[in-house]
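Below is one structure, written out as structure tokens; the observations come after it.
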Amino acid sequence: MPEHTAASRLRLSGLCFLLQILNILLFAAFVRYSPGGSPGPCPPQLNCSRRSPASAFQQPRFQDAHIQVLLSFGLLVAFLSRYGPGSAASSILVTAFAIQWALLIQGFFYFFLNGKIYVEAQSLVSADFCTAAVLISSGAVLGRVSPGQMLLLALLEVSLCTLSEYILLGLMAVSDSGRSLTVHTFGAYFGLAVSRVLQQPHKDKRKREEQRDKGQQTDVFAVVGTIYLWIFWPSFTSSTTAHHNAENWAVLNTYFSLVASTVATFILSPLLYEESTPRMVQIQDATLAVMAMMGMAGEMLATPFGALIAGFLVGLISPLGSRFFTPLLHSRLKIQDTCGVHNTHGLPGVLGALLGTLLTLLATADTYGYSSPLEGITQSQEPVASSPKPVPSVACRLELVFPLVAQGSRTVPEQALMQLGALPLTLLLAALGGSLTGAVLKIRVPRCCRDAQYKENAAFREVPEEGSEPSANGKEELGISTLV
Amino acid sequence: MPEHTAASRLRLSGLCFLLQILNILLFAAFVRYSPGGSPGPCPPQLNCSRRSPASAFQQPRFQDAHIQVLLSFGLLVAFLSRYGPGSAASSILVTAFAIQWALLIQGFFYFFLNGKIYVEAQSLVSADFCTAAVLISSGAVLGRVSPGQMLLLALLEVSLCTLSEYILLGLMAVSDSGRSLTVHTFGAYFGLAVSRVLQQPHKDKRKREEQRDKGQQTDVFAVVGTIYLWIFWPSFTSSTTAHHNAENWAVLNTYFSLVASTVATFILSPLLYEESTPRMVQIQDATLAVMAMMGMAGEMLATPFGALIAGFLVGLISPLGSRFFTPLLHSRLKIQDTCGVHNTHGLPGVLGALLGTLLTLLATADTYGYSSPLEGITQSQEPVASSPKPVPSVACRLELVFPLVAQGSRTVPEQALMQLGALPLTLLLAALGGSLTGAVLKIRVPRCCRDAQYKENAAFREVPEEGSEPSANGKEELGISTLV
Amino acid sequence: MPEHTAASRLRLSGLCFLLQILNILLFAAFVRYSPGGSPGPCPPQLNCSRRSPASAFQQPRFQDAHIQVLLSFGLLVAFLSRYGPGSAASSILVTAFAIQWALLIQGFFYFFLNGKIYVEAQSLVSADFCTAAVLISSGAVLGRVSPGQMLLLALLEVSLCTLSEYILLGLMAVSDSGRSLTVHTFGAYFGLAVSRVLQQPHKDKRKREEQRDKGQQTDVFAVVGTIYLWIFWPSFTSSTTAHHNAENWAVLNTYFSLVASTVATFILSPLLYEESTPRMVQIQDATLAVMAMMGMAGEMLATPFGALIAGFLVGLISPLGSRFFTPLLHSRLKIQDTCGVHNTHGLPGVLGALLGTLLTLLATADTYGYSSPLEGITQSQEPVASSPKPVPSVACRLELVFPLVAQGSRTVPEQALMQLGALPLTLLLAALGGSLTGAVLKIRVPRCCRDAQYKENAAFREVPEEGSEPSANGKEELGISTLV
């Protein structure tokens, strides 16, 4: 066993080395800093002291996106509150690799210009989004794959996620600024598909109590994770809106739906479970579900009470799904969902896409006005028209959220059809990609290690059933044993 | 007992449901997004790419205010470091409800225009302040009221807090940008009044050691809480100053007084207690006390050493109050103060109001100059006049901090009188409102539950004295048992 | 013993009192708010509502610098993850004192104008940097000096650090915007020199296992610390660049090298240690090492793959140094390095200075172009020239990073020589200053206390070897016993 472990340790070490050298070579060959973007447009008069407004605002957004990727998704939310700090190391490895890889892959899709990929802060935000999808997926298979397999999963998923993003956002011009579809829905169903392929029939009994038997430390992490989501996520859902004016509503809408969803958790939790107040993990799940849903709908909602209703409904649906649908998923479809990503990212993402389609239809009907923006100055019969300067604002919002509709090159029903059609397409791509990735990961697993693999992190995760698994010592609790 | 608990669980669930439906209906009837504010003033030329400076800076402030409300007040500071993560759930519920309710109530007071409440980011910051007062009050009664009672407390206090804010800031034009009076003093004495009404004579013996017998986890939370206060509170005290130029001094003043107060804690702690270095909870209390005091005085202080002296004094007074005044409060006035809000918010808020009055008088005497701003250009005898461009700056600061004085419609002593008079008025409103609220809460408590109620969270809070209280099991440590 | 302890407690109390009164008096005599800077340049027309862009951007930077000083250096990184929350109190005391003192000392060096020190937000950022150096140094001697000695160390080191900064940045015009030399290298070697002087021959055996025998709580803090470094440090390394346009590359470069260094840790850790995945503390150390290195080189690197290579190398060298060089340091030079600051700040700082020298030479050779910026418009043979507007940008960057070279008053080799010469000068100043400080601290230690001093915090830090040291009680674990 020690020799075998030594071999597998060296294998992970060698895999990391190869991938990092590959990244460095590809970066050396293709990636350069965007000369115009980053150092600012310097006029020839050497007037360097003025900072362009664009670059001034990129920095906080970049930071917010990182805070999300690292804190909320990767470490605090998905991993720390369920698996303890031991799993954080492998998730940081995945993050470090996936960001480089996403930058390269996205560069090949989008930024290829004169044979070079020009990088600026915005590129890193896109790469962070892609990394978030990988981390969501890994939440579905956590504890059943080794760090080496995680790296392979990141390698494949980044490519497929970028492809899906390119089709949806680039070709179909779907409005999804907070990435309900391309990050949350894609990541969740991709992970579930991988989990389906990797599942083992005789091991699927012991997942039931997973959610309930956590100690106090779990709750501490869930408190911290929830607070971070409340603070930073509203900016995250609006961090890729290129148009600054529509952003404010996205933040406020996300915030309102967050509040309503939290109250909804307090309504449903006493009915579903024995406890009088919900556990922090449930509040955190409600928070995550709101975020996944408001990714697309956040900038489309035009009234605060709409956001309240949407948040209220998703706050009711998500725990119901967790209570009744997840066991079904497990027993009928043989899909294990370690961190419950289906209820926190998958289902809410689907709801968000449906809500977005509905809002796309409604938007023009009464809220945004039928008129094209160019004649928007003449009409004043909408509800908001009684306040100063409403009309151009409405015209502007339409142009910002649905530029093709505002330009007249696409009608409202066409745009709604695109929004709706993006949903099955995303599900299809995620299911196919996940199954493919799962099959690749399955090849990579040597037969002899399969059992040992299932045991990793087990001490932290669940109460062993067979008794054959001894209470793991401190070392196994802290680190994931690495068996590529 | 189980049936009773089930009934009370459903009662909380139903109360949440009713309140949330009420909120949604009121929002649907009255609340709309501010059409000019949020999406930015779009000129009719469809020139949407330019962001107005106002909206650009609202976002970080909004975030800072949230960080304060959620992290510092609600979760980390008041609750986590004393009660563990279990109490965080109910404080998040209170936060979620109080923000919606405060938005509505404040809208009825301030923003009612054409029958609609127009909401923008600034409205949410105001609602956050009001929520902060509720959370401070709940710190005084924590552990003795159920989540349902907390909701009722929030319902009533938000209304009264908004009324007090309207009288002080709107009608009397008191300068209190960091809300020393309307948030800290009001919240603390409101909570103490509620605590006075809810107190039970035969239970008041066992509060003595509350502060001292905490384990290591408490200290971890206190460390995190203190760091967050150091980082974010200086922005919080200046987050509602509409005038951006005076803000910078508020941040620096708060920071200087923070530093001096921390050193003062190290001076006094070895004298008052046996320990050589103060515990982190004491440093955190000193930090909170500085914040409460500098709310009003922060933007008025004109020299760094003034801030150092103010912070030094409050860092000395606050622990002295905690050592000698709190036991008196408890034994004479029968007021239990679970989280010690009197020393961290009440007393420093009163000191801040007195300091603000003094500074209002002094401001014109030497620092700001006697002249009205219109003739400020001609005078140069102040100490700062030897540096470039001081005179217009001084005139501006006067106009920013005391606009009525600068405009000549109010003399300096009149303004000082207003600042001074606001203090007893706040105390009166808080005491009356708190007593009223306590009476309402008392009606709501069924007689049979009163004892059980007192036990909730007891295991976490204190060592039982009577021995009749068994060492609570793990579940009671984590969640607050809910007995509406 | 109790009397002695009471005396020493009062001595710390008195020392704090004296120092704080001294600070207040010096502030009262010398420090004033910068009248032009903080309240904004107000035109005489009382047009106060416009905020200058400069002050608008200072606030977030000021906040970022604090986040670094308090969270990363002082509390989370160096102390919490190794010593538990007990040591946080004394580090907050050091921070509170050092910031005031650094403001005064730096004011005497830089800001003395008309007999007054004019303070603005930027002054506090500089004071924060100086405080960071003190906290790094204290990491080398933590657990072996009392809080009172810490204050003396801060008193002396702030003065010497400001002197070193004045010589390097002011007189020699070395480009070191992220303070690789003046903060990281200076702080680390200063602390090691103090540690060398304070070491005791018969006590040096028991430091070996220090790094390894930590429980799970350590890992939690390391996770949180690592995440904070990832999020906030890229802004920290660029927080003092006065020129906003070159900043963006510094952030991106730091970020890229961070990612590569993390992967490198995963490569080396299985080879050096038994574990398959690195512990979070090792990842955190790699993160810190990158930060220290990229302080100088961050704004000089012109390509992403250069940052990847630099981060990859430092991620390999730092653990190797920790494995092979630290024991040598300990056995040969008799230097105890409690928190391992040599590997996380000292060595990477030296590597950063060498890299900076190399980049200074390379910069003009191919990346920045030989031409002076005034004729930069005419040349287009560099690799980046094929993209829009590259030439003025290159000229600008040269001017921003090396203003003297761009102005023609210094040639490129001269600048490189200055960068290189700054390294031995910093090492010399740090070694001399540290030895001096250590000698002063040694005088202050009464002979009788020396043994007791060594025991403080021992329970938390290490397994005692002699058996004579009883397992410390709870109180000693939480607070540092104060024996001035």
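Brief remarks on what is shown
- Any hit, segment A:472-480, residues being surrounded by fewer than 18 Cβ atoms within 10 Å (Cβ to Cβ) and either modelled with pLDDT of 50 or more or not in a helix (DSSP H, G or I) (or both): yes
- Residue B:141 satisfies every condition listed in (1) open to solvent by 30 Å² or more (accessible area, probe 1.4 Å); (2) within 29 Å of residue B:8 (Cα to Cα) except (1).
Condition check ((1) away from every other protein chain (no Cβ under 13 Å); (2) under 22 Å from residue A:297 (Cβ atoms); (3) surrounded by fewer than 24 Cβ atoms within 10 Å (Cβ to Cβ); (4) touching a residue at least 12 places away in the same chain (Cβ under 8 Å)) across all residues:
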position	(1), (2), (3), (4)
A:95	no, no, no, yes
A:118	no, no, yes, yes
A:125	no, yes, yes, yes
A:133	yes, yes, no, yes
A:179	yes, yes, no, yes
A:184	yes, yes, no, yes
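- On the stretch given as segment C:254-281, residues that are within 9 Å of chain A (Cβ to nearest Cβ) and assigned to a helix (DSSP H, G or I) total 17.
- Residue within segment A:219-240 that is at pLDDT below 85, within 11 Å of chain B (Cβ to nearest Cβ) and out of contact with any helix residue (DSSP H, G or I) (no Cβ under 7 Å at 6 or more places or on another chain) present: yes
- Residues being assigned to a strand (DSSP E or B) and under 13 Å from residue C:154 (Cα atoms) - total across segment C:116-132: 0
- Filtering segment A:9-30 to residues that are at the interface with chain C (Cβ under 7 Å from one of its Cβ atoms), open to solvent by 60 Å² or more (accessible area, probe 1.4 Å) and within 28 Å of the chain's Cα centre (by Cα) leaves only A:17.
- If only residues of segment A:359-374 that are touching a helix residue (DSSP H, G or I) at 6+ places or on another chain (Cβ under 8 Å) and at pLDDT 60 or above are counted, the one that is surrounded by the fewest Cβ atoms within 10 Å (Cβ to Cβ) is A:361.
- Every residue from segment A:19-37 that is at pLDDT 80 or above and closer than 18 Å to residue C:258 by Cα: A:19, A:20, A:21, A:22, A:23, A:24, A:25, A:26, A:27, A:28, A:31, A:32
- Taken as a whole, the structure places residue A:346 among residues that are away from chain B (no Cβ under 14 Å), of a type in the set (Gly, Ala, Ser) and open to solvent by less than 10 Å² (accessible area, probe 1.4 Å).
- Conditions (1) closer than 17 Å to residue A:427 by Cα; (2) at pLDDT 90 or above; number of the one not met by residue A:152: (1)
- Among (1) buried (at least 17 other Cβ atoms within 10 Å of the Cβ); (2) within 27 Å of residue B:120 (Cβ to Cβ); (3) at pLDDT 85 or above, the one test that residue A:303 misses: (3)
- Taking segment C:144-174 as the range and being in contact with a helix residue (DSSP H, G or I) (Cβ under 6 Å, 6 or more places away or on another chain), among the small types (Gly, Ala, Ser) and either more than 14 Å from chain B (Cβ to nearest Cβ) or surrounded by fewer than 24 Cβ atoms within 10 Å (Cβ to Cβ) (or both) as the test, the residues that pass are C:159, C:164, C:173.
- Residue B:411 open to solvent by 50 Å² or more (accessible area, probe 1.4 Å) and of a type in the set (Ser, Thr, Tyr): yes
The values are calculated or read from the model by the stated rules, or taken from the named source; none is laboratory data. A quick note: this is a predicted structure, and the numbers were derived from the prediction, not measured. Methodologically, a virtual Cβ is constructed for each residue, glycine included, from the backbone with ideal geometry; neighbour enumeration extends over all protein chains shown. When the accessible area is computed, the model is the full protein with side chains, heavy atoms only, and any ligands, DNA or RNA have been set aside. Shrake-Rupley method; radii C 1.70, N 1.55, O 1.52, S 1.80 Å.
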